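A short write-up of the structure that comes next.
The values are calculated or read from the model by the stated rules, or taken from the named source; none is laboratory data. Not measured: the values here are computed from a predicted model. Please note: Cβ atoms are built from the backbone with ideal geometry, for glycine as well, and neighbour counts cover all protein chains shown. These area figures cover heavy atoms from the full protein model, side chains too; ligands, DNA and RNA do not enter into them. Shrake-Rupley method; radii C 1.70, N 1.55, O 1.52, S 1.80 Å.
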Amino acid sequence: MRSDRLPVGERLRNIVENSDAAMDYVRGFTFDTFAKDRMRIDAVERCLERIAEAAARFGAETMAQIAPDIPFHEVKGLGDALRHEYHKLDLPTIWSTVQDDLPPLCAACQAALSGNGVGVE
């Protein structure tokens, strides 16, 4: 099934699952130890790419309802950068995204899934 045809609930679950995975991948690591682990970096980047793709499929208006404090254009922009400008990404950006931005995005998607946010198909 193409991702643009996935139900809203499935997209939300994709964001939650990939957020949880990315946060798990860095749990217990410092930035310095993370920066030396190429496989872990690749895994986190792939999770971020999936999150950005799922969020982009919602569109700005729906994402604003789901997670009003998360700047949609930055989520979409990160996905674009991971796909097309990966050579320009710096690790501090990846690290801070996982540490600072994923927890509130994940929480907002979990709230939407539990009926405390946007209607879920």
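The local environment of Arg83, defined by Cβ-Cβ distances under 9 Å, has a net charge of -4 under the rule Lys, Arg +1 and Asp, Glu -1. For percent of Cα pairs over 21 Å apart, the value computed from the atomic coordinates appears in the list (1) 34; (2) 29; (3) 42 under label (1). Taking a sphere under 13 Å around the Cβ of Pro103 and counting the other residues whose Cβ falls inside, with K and R at +1 and D and E at -1, yields a net charge of -4.
Restricting the GluC sites (Glu not before Pro) of the stretch 37-114 to loop positions (DSSP other than H, G, I, E, B) with no more than 15 neighbouring Cβ atoms within 10 Å leaves Glu85. Only protein heavy atoms count here; under a 1.4 Å probe, Ser96 has an accessible surface of about 40 Å².
Solvent-accessible area of Thr30, all protein chains in place: 80 Å² (probe radius 1.4 Å, heavy atoms, ligands and nucleic acids excluded).
Across the chain, the longest piece that holds none of the trypsin sites (Lys or Arg not before Pro) lying in DSSP loops with up to 16 other C-beta atoms within 10 Å covers 37-121.
Computed over neighbours whose Cβ is under 12 Å from that of Glu17, the net charge equals 0, Lys and Arg +1, Asp and Glu -1. For the chain, the longest principal axis of the alpha carbon atoms and the long axis of helix 8-26 meet at an angle near 20°.
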